[in-house]
Each structure stands twice: as C-alpha cells, then as structure tokens.
Amino acid sequence: MEQEILFPGDTLGIIGGNPNGIMLARAAKKMGFTVVVYCSDESNPVLAEADVKMVGKLNEKTKLQDFAQRCDLVTYTSENIDVEAVKFLQRFTRVPQGSDTLEITQDRLLERAFFEQLNINVAPYATIVSLDDVYQAVSSIGYPCILKPIQKGFGKHRKQIIKKQTDIAKCADIIDLGTYILESWIPYEKELSLTLARDKDGNLTYFPIAEDYYREHHLHATLTPVALDGEVATEVKRLTAEIVKELDYVGVLQAEFFLTKSGALYIKRIIPALYASGYVFDKATDVSMFEQHLRALAQIPLAKPNLVKPTEMVMIETKDTDALRTQWVLKDNWHYNYFRYPKSLHPVKAEGYVLVTADSSKNAKEQVEATGIWDKITAENEIVE
C-alpha cells in the first residue's frame, strides 16, 4: 500500500462488470499493467480481459479482501458501485477515487446541498415524505416536475413524472417506499458535458465540451466539439473546476449541465467514474478517457487532450444491428465497438457504440441522420435523470 506510482508490471484491480471495465482493462494491459477483475458473474465479458479473474458479490468480505490484497490499487468504473464495498477495499489497498464523492453523488439531497453550498444553479426542488408534501410543493415548483427517490439507482419504476394535478395521485403507490425529492423540469436547449481528469495534486486536464442526447432516460449520442458562446464554455469549465476543487477524488470525472435558451446553466449531476459519453474521445482526441483515467490513478503526468477529429458517438441498440450492416460495408470513417455481453447478462440497454468522424461536428451529425437508422438526433427536452 506504500507504493504511490504504478509502473508496468504492477497490478491494477477493476471492480464491477459494466462495459467501461472492458475498455479500461484493455488500456491497462496496453500500458503494461497486470489486471485483476472482480465482478459478480463468471460469464461477464469484463473477466475475459483480465489476467486474474475473481468472481464474488460485493458483500463477500473474504473475497473482497483477497481481491484488494492482490492489487497495488483498485478502481471502480461505475458511479453506482456500492459505497460500503469501496470503503472496505480502502482498508487493504489504495482506491484513489475514494468513497466520499460517491456518497455525495448517490444521494440526491446531499448532491443538491453540495451544489447549493457552491452557489451553483440547481433545478428547484423539495424534500418529500408524504403525498401531502407533493401537493404542497407543486404549488411553488410548478408543472412539469418529477418525483425521484433520494437514493439513486432504483430505476424508473420508483419515479413519477407529474405534468398536471391529476398525476399526483399516481405517486401514492411509491410514496411510502422512502424519502423523495420533487424536482422542477428545466426547459433546456442543450445538455452539455465536460469530462476531466484530476491527479492527486489537484491538477486538472479537460476534454472538449460535448453535447449529449438522451432518449427514454438513456444516453443515445454524444457530439464533440459543440458550438458554444465563449462565455458559456468558460463558465462550464469554471463551475466544474469549482466543484472538483471541493472533492477528494482522483481519476476521470464528468459534470453535466442544462443550457437554457437565455444562456443560463444548471448543473444536472456529476459522475465520479467513467461514463458512456466519454467514449466519443476514443477518436475525437489524441488520448482516450480510459488512458487518462489510468494516468491519474498511476500518477503518470496527465496528457493534454487535443482535438483530432470532430466525432459523434451513437449507442448501438439490438434493434439497430441489422440496419448497421449497410454502413459496415460502406463507411470508412465509422468505427465500431461492441461490448459482446451474453443475452443472459445484459446490464445495459446498448450492444455497443459507433464513432463517426468528420471534418465538422455538423457533418458527423448529418452523416448519422442521413442513414435513417435513427430518428433525427436533437435535444428532446425529456425529463431525464
């Protein structure tokens, strides 16, 4: 545990079985690290990328300790990882990302209080413990709004969109299951994301600002670079830096914002882990999100991401795979990455992603839309997570 810098031949532990682990393990092996993967299902494809495979649940302390003691450091690849498991691992090995930021971001009330302490705009919200609270809060928050459990990760079955007063009655079925927040919906023109890396000394490097497109609460596409007023771009970076300065976190992190028609920015959330919108940087920049994360963890000097090609990343769903065969044989600037999850173990909606490079962001987007595989990719102003 005393060793600070990770050198080729040293051991990196990856805990969790989401798709990010596949690409991170590949990048780690390319950099010369030995990779140990711990996840809960022996058929998970992340294990196929490991030098050492370990299967166990996040509450099996004997196995977790064995895993930790095999590793010079451990990283998690999802913001939904169990905080208690991370705290346990920290007793036996280094986890540079830590657990404090996870605790803030997994609790919607803590997260919003943290943002408010920094004077960063958040959507109006109220704490809800009963149906009466919903009726009272709606009068000040207004329609539309959404009821969400304080703890993240429950899925859409524990949420309720409220567009009119009669919708409030629909909350009765879930209101007794815990504490909630009622949050106003922000009408936005763009959803922006800024991916950055932070090293142990607090140094930051930024990837280009991107625009994200969500459909049915799932990330659908990411485009970079995005045309923005210079003041808006500066403010996105300033706010993100203010947030990260207050966190005890090392590695890649993402901040997401709503941009309104008037130019106002509202923080949507921060993601203290690798996130799918960062896939776009596989081709858009000269360093990937995965390599930069490893550099931060291993205490290698962070690279400065430089834009190589405007790129659009589109998530591939099962229904898209047949239609993509035509592009497969036609397009020399379409680049594919399939997760290869077995049908019995499919933790994500997507099968993989495609990266479309072009001379401009507009051209990349037009190429995608011209195929007709996906509907026109626009900000849909849906009520999102």
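The values are calculated or read from the model by the stated rules, or taken from the named source; none is laboratory data. Note that the structure is a prediction, hence the values are computed from the model and not measured. Counting neighbours? That spans all protein chains shown, and the Cβs are built from the backbone with ideal geometry, glycine included. Heads up: the accessible areas ignore ligands, DNA and RNA and are worked out on the full protein's heavy atoms, side chains in. Shrake-Rupley method; radii C 1.70, N 1.55, O 1.52, S 1.80 Å.
For the stretch 274-291, filtering for residues that are more than 20 Å from His218 (Cα to Cα) and β-branched (Val, Ile, Thr) leaves 2. Hey, any hits in the stretch 267-283 for a residue that's among the aliphatic types (A, V, I, L, M) and more than 26 Å from Ile22 (Cα to Cα)? Yes, the stretch 267-283 contains a residue that is among the aliphatic types (A, V, I, L, M) and more than 26 Å from Ile22 (Cα to Cα). When Val37, Val46 are screened for being free of Cβ contacts under 8 Å to residues at least 60 places away in the same chain and under 21 Å from Lys87 (Cα atoms), only Val37 passes. Taking Ala113 as meeting all but one of (1) in contact (Cβ under 8 Å) with a residue 40 or more places away in the chain; (2) open to solvent by 20 Å² or more (accessible area, probe 1.4 Å); (3) hydrophobic (A, V, I, L, M, F, W, C), write down the number of the exception. Ala113 satisfies all of (1) in contact (Cβ under 8 Å) with a residue 40 or more places away in the chain; (2) open to solvent by 20 Å² or more (accessible area, probe 1.4 Å); (3) hydrophobic (A, V, I, L, M, F, W, C) except (1). Of note, Tyr279 does not satisfy the criterion of being under 30 Å from Phe114 (Cα atoms), aromatic (Phe, Trp, Tyr), under 21 Å from the mean Cα position of the chain (by Cα) and not in a helix (DSSP H, G or I). Is one or more of the residues making up the stretch 148-156 surrounded by 18 or more Cβ atoms within 10 Å (Cβ to Cβ) and out of contact with any Lys or Arg (no Cβ under 7 Å at 6 or more places or on another chain)? Checked against the condition, which is being surrounded by 18 or more Cβ atoms within 10 Å (Cβ to Cβ) and out of contact with any Lys or Arg (no Cβ under 7 Å at 6 or more places or on another chain), the stretch 148-156 yields no hits at all. Keeping to the stretch 116-143, report how many residues are among the polar types (S, T, N, Q), assigned to a loop (DSSP other than H, G, I, E, B) and touching a residue at least 24 places away in the same chain (Cβ under 8 Å). Residues flagged as among the polar types (S, T, N, Q), assigned to a loop (DSSP other than H, G, I, E, B) and touching a residue at least 24 places away in the same chain (Cβ under 8 Å) within the stretch 116-143 amount to 2.
Tell me, which residue of the stretch 346-365 that is surrounded by fewer than 17 Cβ atoms within 10 Å (Cβ to Cβ) and at pLDDT 95 or above is nearest to Ile267 (Cα to Cα)? So the residue we want is Lys362. In summary, Asp322 fulfils each of the numbered conditions (1) of a type in the set (Asp, Glu); (2) open to solvent by 50 Å² or more (accessible area, probe 1.4 Å); (3) farther than 22 Å from Pro272 by Cα; (4) not in a loop (DSSP other than H, G, I, E, B) with the single exception of condition (4).
Looking only at residues in the stretch 91-121 that are among the hydrophobic types (A, V, I, L, M, F, W, C) and in contact with a strand residue (DSSP E or B) (Cβ under 6 Å, 6 or more places away or on another chain), which one is farthest from Thr240 (Cα to Cα)? Across the stretch 91-121, the extreme among qualifying residues is Val95.
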